[in-house]
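For reference, the structure discussed in these notes is given below.
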Amino acid sequence: VFHGRVLARRLLGQETRYEVEVKARYRHRFPLVAREYLWVPNTCGCPALRPGGEYLLMARRHVNHEHTLNRILLQDDGYARPWTPREARLV
């Protein structure tokens with residue numbers, strides 16, 4: 001779970017890649033750096049993230065079986081909500 005600001009969005013095949021500035025980390029299940037790419041399947045029912053917007057994001061680290069792919073993935077069971085101080089307090 002982290003607070004991030006979307007810097008850019010790019011459609012790549014069946015997925016959308018967001019470049020995100022990590023503003024705060026709330027749960028440390030995996031390390032995050034200051035800028036990350038967040039991948040979202042185009043079939044996800046997640047709200048569209050707009051560049052410049054700040055969101056509270058719950059995503060998973062996705063590593064394939066060959067360990068050649070290591071990325072942050074926002075799935076249907078994750079969430080993306082507009083960031084507010086109230087949302088941050090609830091985490």
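The number of residues in the stretch 12-44 being touching a Lys or Arg at 6+ places or on another chain (Cβ under 8 Å), part of a strand (DSSP E or B) and open to solvent by 70 Å² or more (accessible area, probe 1.4 Å) comes to 2.
Listed by position, the strands (runs of 3 or more DSSP E) contained in the stretch 45-86 that have at least 1 residues being open to solvent by less than 60 Å² (accessible area, probe 1.4 Å) are 54-58, 70-73, 79-82.
For beta carbons closer than 8 Å, sequence separation of 6+ or different chains, a first residue in the stretch 63-91 that is among the acidic types (Asp, Glu) and a second that is assigned to a loop (DSSP other than H, G, I, E, B) and surrounded by 13 or more Cβ atoms within 10 Å (Cβ to Cβ), the qualifying pairs are ASP76/CYS44; ASP76/CYS46. If you go through the stretch 29-60 and keep only what is over 24 Å from GLY13 (Cα atoms) and among the charged types (D, E, K, R), you end up with ARG29, GLU54.
Only one of the numbered conditions (1) of a type in the set (A, V, I, L, M); (2) surrounded by 13 or more Cβ atoms within 10 Å (Cβ to Cβ); (3) in a strand (DSSP E or B) is violated by LEU7, and that is (2).
The values are calculated or read from the model by the stated rules, or taken from the named source; none is laboratory data. Note that the coordinates shown come from a computational prediction; the quantities given were computed from them, not determined experimentally. Counting neighbours? That spans all protein chains shown, and the Cβs are built from the backbone with ideal geometry, glycine included. When the accessible area is computed, the model is the full protein with side chains, heavy atoms only, and any ligands, DNA or RNA have been set aside. Shrake-Rupley method; radii C 1.70, N 1.55, O 1.52, S 1.80 Å.
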